[in-house]
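As structure tokens, the structure follows; a few thoughts come after it.
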Amino acid sequence: MSLFRKILRTGRVTERAEPATGAELMLAGGRLRGSVQVRAVDVGSCNGCELELASTFGPVYDAERFGVRLVASPRHADVLCVTGPVTHNMVTPLVKTYEAAASPKLVVAVGDCARNCGVFTGGYGVAGAVSDFVPVDFEIAGCPPHPDDLLRGLRRLTGR
Amino acid sequence: MSFAEISLVAALATGAAAIAAALAIGEPRRRTLLTGVLTAGCGAGGLLAAMGVLATGRPVEAEFPHLLPFAGLSFRLDAFGAVFVLVAGGGASAAALYGISYTRDHLSGRSFQALVPAFVLTLLLVPAANSMSTFLMLWELMAVTSLLLVLAEQRRSPNAREAAMWYGVMTHLGFIALLLMFSLLAAHAADGSFAAIRHTSSTMAPALRSLVFLLALVGFGSKAGMVPLHAWLPRAHPEAPSHVSALMSAVMVNLGIYGLVRVGFGLLGGGPSWWWLVLLALGAVSALFGILHALASTDLKRMLAYSTTENMGLVLVGVAAAGLFTSTGHPVLAAAALGAVLLHVINHAAFKGLLFLAAGSVVRGTGERDLDQLGGLMRRMPVTGAMFTLGAVAITALPPLNGFMSEWLLLQSLIHGAQSHVVAVAVAVPVAIAVLALTTGLTAATFVKATGTGFLALPRTRAAEDAEESPRSMLLGMGVLAGACVFLAIAVGVLAGGLARAIAAVGGVTSPAPFRVHGTTVSLPWQIVGTSVVLGVAVVVGVVAISVALRVLPRGARRRRTENWGCGRTQQTARMEYTASSFAEPLVRVFDDVLHPELDIDVTHREESQYYVESISLQRGIKDAFEERVYRPVLGGVAAWGRWARQIQNGSVHRYLAYGFVALVLLLVAIR
Amino acid sequence: MSVTRAAVPILQVVLVVVAGPLLIGVIRKVRARLEGRVGAPIHQPLRDLRKLLTKERLLPEHASWVFALAPAVLVSSAVATAALVPLVSTVSPFAHVSDLVTITALLLLGTVALALGALDPGTAFGGMGSSREMTIAALTEPTLLLSIAAISILAGTTNLPAVVASTLHRPEAVISIGYLLAIVALAIATLAESARLPVDNPNTHLELTMVHEAMVLEYAGPDLALVESGSSIRLAIFLGLLANLLVPWGIATTPSVARLALGTLAFVGKISLLAILLGVFEVFTAKIRLFRVPELLALSLVLSFLAVIIAVVHR
């Protein structure tokens, strides 16, 4: 019962969403039709982007209301959100994950490390940026990117 | 002569010709071919004869008073026996066709080839026996021929001798029980023929009738694999060559049911409720015990043998229900239960025979019997795999195949029987329904395990990787039984009249219509409850329609072959698959109080120090609880008694002469 | 046979195919609102299915026809069941063969097909999901059959439309202990068969905690659409069955258009209410350990066995 009281007390936590403007809509040519399943792939990040991604799907930002959902298997996914610079040991798993997804599929490079290795450029364990191994369709900049930016990027994928 | 009589004579002649061919022909290939074809013809003849008797209800009779000294041979094939001859004939033709190429390599010797048609002939004739001597003689012939067949592969398999010994001893213990039983009946009737026994059995004292029933339970129950007399089944059936296993499991065990119903209903004319409650308890325990051991077993053929124990347990539950309903005055329900039993016997023969033949095909193609060493066979042996899957769907009682109809009928008769006001029935029915329900779920788990680990995914060993599909005659044999499964699923209405005549022929059950058929709907005689074969067909049509529709989709024309998703791992090997033992592990854990799995961990330490481990070996196994708790003490007791009794034979000639003298004196005193 | 009577099964099938995903959407929405979020709109699962149909079809390299056919068998058996169960109306061309035992067997067919399809690719997760699913199914089957037996014994028939009709005429029969015990056991079995909490978590990403989800990890595109659709249809059927066995008011007993419309509304209303209750229940429940699940199922088995004994004694 204390849980029930807590639920009643807390109420709605989610922030109001920005209105969707026409210019941002339908990144993937509307192919995904308002439903996007995301598989988050961490190829060697510091977990900062993961925390922000988790927050984006949490109660405050609630990406689910725009039709985005996290899934467990890349076979169920349309979009791979890749975080972190690609380390040597994660090159093959990243490529395999990309091949396991069914087309039409998109790769989103989340954070500066995924875009261009960020602060880890030249490190001995880093093999390169994500675009060196799989074709990247969309980038979300930031170290780490703010959940608002992540949300805006995901809304461009679903078009809502 | 009627159609049935002609077919039966033709069957017997063909069978004799098969034996002659096996003994006479020199060249092995021609021997196996001709013997196989002739035995199949014998089976087909039996099948046609049975259909003839079932269609008209007129029995086929024959008497040979001088063939056996004192008693003569007497045969009468009525509609009830015809059901079992039907099963025997169908199973024999499929097994014989299968055997043509199965025995080509190492079982083509004269003795083996001659024994198979002999076995088939006894299977066809036992249900037709009409007197004590005929029955016992044929029963013993059946036991001896099957015993020799079990021994056939003793050179290749070290367990065959032990299996044959268990089988021989237990079948003869059963035979002794039957001999005693028939002696009691015949002594009371002063004549060995079944007709005389039937006439006079109602005047027997109740205690004597109960003794007769219990002896029948022991003798016929052990043949049917009823617990606690089942220990020979999981040993003998796997060791026999696969088409013989199919005959034993699909046809021979049914004769235990035949005997029990014939004696219980026909010769004794029914009995008090406690008989049937005892039978129900034994059948329920057999069913649960059988399926639990099948679930835990990783040997393919042993699993199928335990599954036979389970199915026979369910049949015994049905027979017990029919007996209870008769003794408490519900003839319509009794007919429905008995009809369900007979239908299940026919269905079980079809799908269990198919499963054993498919298992034999796997054993021949890979050389392995253990499910944990198989895998990936669906792509290497596609026909065998499809046949096994069909058999597995049928045995799990799923629509659209035939097992569903008999389970449905049995469940319906039990549910309706629960409305009776008799205490015995009210106690028995919930237990029976619970047993039926539990075994259905466990059968599904067992056969998903068998099909999944044996046939799907990757091969686990070299032997499975190099598997070859079986030759055509084996595929043909399997195809015959698969066709029978499908036919029985779609055209179950064809059997309605025959089953009604069979139940009428048993005697002791009035109003025999087990179910009615209107078009494609099977309905019960007492209310508007039915099920339709159309449903199963609809599922198949639906699958086809959906598969076609998927191709029409924009990207649907072709599938992309892709590597498994293994979380990005670089190597997918067969070691990562689930094995049969791991698949069954959660359920074995749930039932570990019944199964008592034993874990043996052996740690070998290094010589230098106890702190370093050289190797660890783990063995996990499940022993048969009845063997541990019941057989071992009994055998130990018998052995101990034997050791004590050895003191009588101490080698001294004087003592032996004294024994003779004392015995003579006692005899003289007794005769006075 | 009138046109409206023949239309009943078609209406029911269309209804569950559309309502199944909507039910999932309702459950997710309720959970989101109770968690303080907004959540996706109720029709989002329908959007997901539509998108999945446009995706590529994949076949794992070691899989055979069993993997390829399993989703179709699942959906086919679920649709066949939906045509039989009296959801909207008790009169239909299939009323004579709409039997509780048949329905249980058809649903088991779907479970077995999916379990075999999961074993086919040869992945460890598929084997694990299949093994766990068959363990749960083996322990749920007896509960289902025994609850059905109890209900049938009390109603005097296993014919579903007849059972529902008899409950319509004598609503007080529902309040008997035997009937209620059977319904409770059936509810626990529904949770287990539909892979909902506390038996299985449909939203988990940790493979070691999956049962149903682990079986479908290899399915993509249209096959995944079939599997998800099949699962949601089965949930709709189970909820509809529970609702109509307990409170069948509103179900059409004559095949007139007005009664059918009322029946449809009643069905949609009842399962929506049950879905909302399920969503609330899931917020307050945690998944139980896999090796504790047999204890829960044993409880439901004991309840259903008691229900049968009470039913037999009452008659």
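The values are calculated or read from the model by the stated rules, or taken from the named source; none is laboratory data. Computed from a predicted structure; not experimentally measured. FYI the Cβ positions are ideal-geometry reconstructions off the backbone, even for glycines, and counts take in every protein chain you see.
Is it true that some residue in segment B:164-177 is at pLDDT below 90 and touching a Lys or Arg at 6+ places or on another chain (Cβ under 8 Å)?
no
Does C:MET134 fit the bill of being touching a Lys or Arg at 6+ places or on another chain (Cβ under 9 Å), modelled with pLDDT of 90 or more and within 7 Å of chain B (Cβ to nearest Cβ)? So C:MET134 fits the description; yes. For the condition closer than 20 Å to C:ALA192 by Cα, at the interface with chain B (Cβ under 9 Å from one of its Cβ atoms) and not basic (Lys, Arg), C:LEU106 qualifies.
Taken over segment C:262-315, the residue count meeting the criterion of being in contact (Cβ under 8 Å) with a residue 40 or more places away in the chain and acidic (Asp, Glu) is 1.
In segment A:1-17, the residues that are at the interface with another protein chain (Cβ under 10 Å from one of its Cβ atoms) form Cβ pairs under 7 Å with partners that are part of a helix (DSSP H, G or I), at six or more places apart or across chains, as follows: A:ILE7/C:LEU34.
Residues in segment C:215-229: is at least one on the phi > 0 side of the Ramachandran plot and within 16 Å of the chain's Cα centre (by Cα)? No - not one qualifying residue is present in segment C:215-229.
Of the strands (runs of 3 or more DSSP E) that lie entirely inside segment B:546-656, those containing 2 or more residues that are within 14 Å of chain C (Cβ to nearest Cβ) span B:559-562. On inspection, B:VAL630 fails the criterion of being among the β-branched types (Val, Ile, Thr) and without any contact (Cβ under 8 Å) to a residue 40 or more places away in the chain. Scanning segment C:109-131 for residues that are at the interface with chain B (Cβ under 7 Å from one of its Cβ atoms), surrounded by 24 or more Cβ atoms within 10 Å (Cβ to Cβ) and in a helix (DSSP H, G or I) yields C:LEU109, C:VAL112, C:ALA115, C:LEU116, C:LEU119, C:GLY127, C:SER130, C:SER131. Taking C:ASP223, is it among the acidic types (Asp, Glu) and within 16 Å of A:ALA72 (Cα to Cα)? No, not satisfied. Could you please let me know if A:ALA129 is under 30 Å from C:HIS212 (Cα atoms) and either touching a Gly at 6+ places or on another chain (Cβ under 8 Å) or touching a residue at least 40 places away in the same chain (Cβ under 8 Å) (or both)? The answer is no for A:ALA129.
The residues on offer are B:ARG58, B:ARG104, and the sole one that is of a type outside the set (S, T, N, Q) and closer than 30 Å to B:SER157 by Cα is B:ARG104. Of the residues making up segment A:42-58, those that are in contact with a helix residue (DSSP H, G or I) (Cβ under 9 Å, 6 or more places away or on another chain), crowded, with 18+ Cβ neighbours inside 10 Å and in a helix (DSSP H, G or I) are A:CYS49, A:GLU52, A:LEU53, A:THR56. The single condition among (1) within 14 Å of chain C (Cβ to nearest Cβ); (2) among the β-branched types (Val, Ile, Thr); (3) closer than 30 Å to C:SER131 by Cα that B:VAL486 does not satisfy is (1).
Residues of segment B:391-404 that are among the aliphatic types (A, V, I, L, M) and over 18 Å from the mean Cα position of the chain (by Cα): B:LEU398, B:LEU401. For C:LEU144, state whether it is facing another protein chain (nearest Cβ under 8 Å) and either at pLDDT 90 or above or surrounded by fewer than 24 Cβ atoms within 10 Å (Cβ to Cβ) (or both). Yes; evaluated as a whole, the condition is true for this residue. For B:ARG462, the criteria (1) closer than 23 Å to B:ASP372 by Cβ; (2) under 28 Å from the mean Cα position of the chain (by Cα); (3) not aliphatic (A, V, I, L, M) hold in every case but one, which is (2).
Of the residues making up segment B:411-439, those that are more than 27 Å from C:ILE136 (Cα to Cα) and facing another protein chain (nearest Cβ under 7 Å) number 3. Screening C:PRO86 on (1) more than 20 Å from C:LEU239 (Cβ to Cβ); (2) touching a residue at least 24 places away in the same chain (Cβ under 8 Å); (3) not small (Gly, Ala, Ser) shows it passes everything except condition (1). Of everything in segment C:73-96 that's within 11 Å of chain B (Cβ to nearest Cβ) and assigned to a loop (DSSP other than H, G, I, E, B), which residue is surrounded by the fewest Cβ atoms within 10 Å (Cβ to Cβ)? Looking at residues that are within 11 Å of chain B (Cβ to nearest Cβ) and assigned to a loop (DSSP other than H, G, I, E, B), I get C:PRO93. Do we find that B:ALA240 is out of contact with any His (no Cβ under 9 Å at 6 or more places or on another chain) and free of Cβ contacts under 8 Å to residues at least 12 places away in the same chain in this structure? Criteria not met by B:ALA240.
If we scan segment B:606-620, do we find a residue that is in contact with a helix residue (DSSP H, G or I) (Cβ under 6 Å, 6 or more places away or on another chain), modelled with pLDDT of 90 or more and either surrounded by 12 or more Cβ atoms within 10 Å (Cβ to Cβ) or of a type outside the set (D, E, K, R) (or both)? Scanning segment B:606-620 turns up no residue that is in contact with a helix residue (DSSP H, G or I) (Cβ under 6 Å, 6 or more places away or on another chain), modelled with pLDDT of 90 or more and either surrounded by 12 or more Cβ atoms within 10 Å (Cβ to Cβ) or of a type outside the set (D, E, K, R) (or both).
Beta carbons closer than 9 Å, at least 6 apart along the sequence or on distinct chains, pair a first residue in segment B:533-561 that is assigned by TED's automatic domain parsing to the domain that holds B:SER523 with a second that is aromatic (Phe, Trp, Tyr) and assigned to a helix (DSSP H, G or I) for B:GLY536/B:PHE404. Restricted to segment C:60-72, and to residues there that are at the interface with chain B (Cβ under 9 Å from one of its Cβ atoms) and in a helix (DSSP H, G or I), the residue that is farthest from the chain's Cα centre (by Cα) is C:TRP65. Residues of segment B:388-408 that are in contact (Cβ under 8 Å) with a residue 60 or more places away in the chain and of a type in the set (A, V, I, L, M): B:LEU390, B:ALA394, B:ILE395, B:LEU401, B:MET405.
Does at least one position in segment B:428-435 carry a residue that is closer than 20 Å to B:LEU587 by Cβ and under 20 Å from the mean Cα position of the chain (by Cα)? Yes: segment B:428-435 contains one or more residues that are closer than 20 Å to B:LEU587 by Cβ and under 20 Å from the mean Cα position of the chain (by Cα).
Would you mind stating whether A:ARG160 is within 19 Å of C:LEU52 (Cβ to Cβ) and over 15 Å from the mean Cα position of the chain (by Cα)?
yes
Of the strands (runs of 3 or more DSSP E) lying entirely inside segment A:66-145, those carrying at least 1 residues that are hydrophobic (A, V, I, L, M, F, W, C) and within 13 Å of chain B (Cβ to nearest Cβ) are A:79-83. Restricting attention to segment C:262-291 and to residues that are exposed (fewer than 13 other Cβ atoms within 10 Å of the Cβ) and assigned to a helix (DSSP H, G or I), the residue that is nearest to the other protein chains (Cβ to nearest Cβ) turns out to be C:PHE291.
Got a sec? Which of C:LEU139, C:LEU144, C:LEU241, C:LEU217 is under 21 Å from C:THR111 (Cβ atoms), part of a helix (DSSP H, G or I) and in contact with a Ser or Thr (Cβ under 7 Å, 6 or more places away or on another chain)?
C:LEU144 is the lone residue from the list that is under 21 Å from C:THR111 (Cβ atoms), part of a helix (DSSP H, G or I) and in contact with a Ser or Thr (Cβ under 7 Å, 6 or more places away or on another chain).
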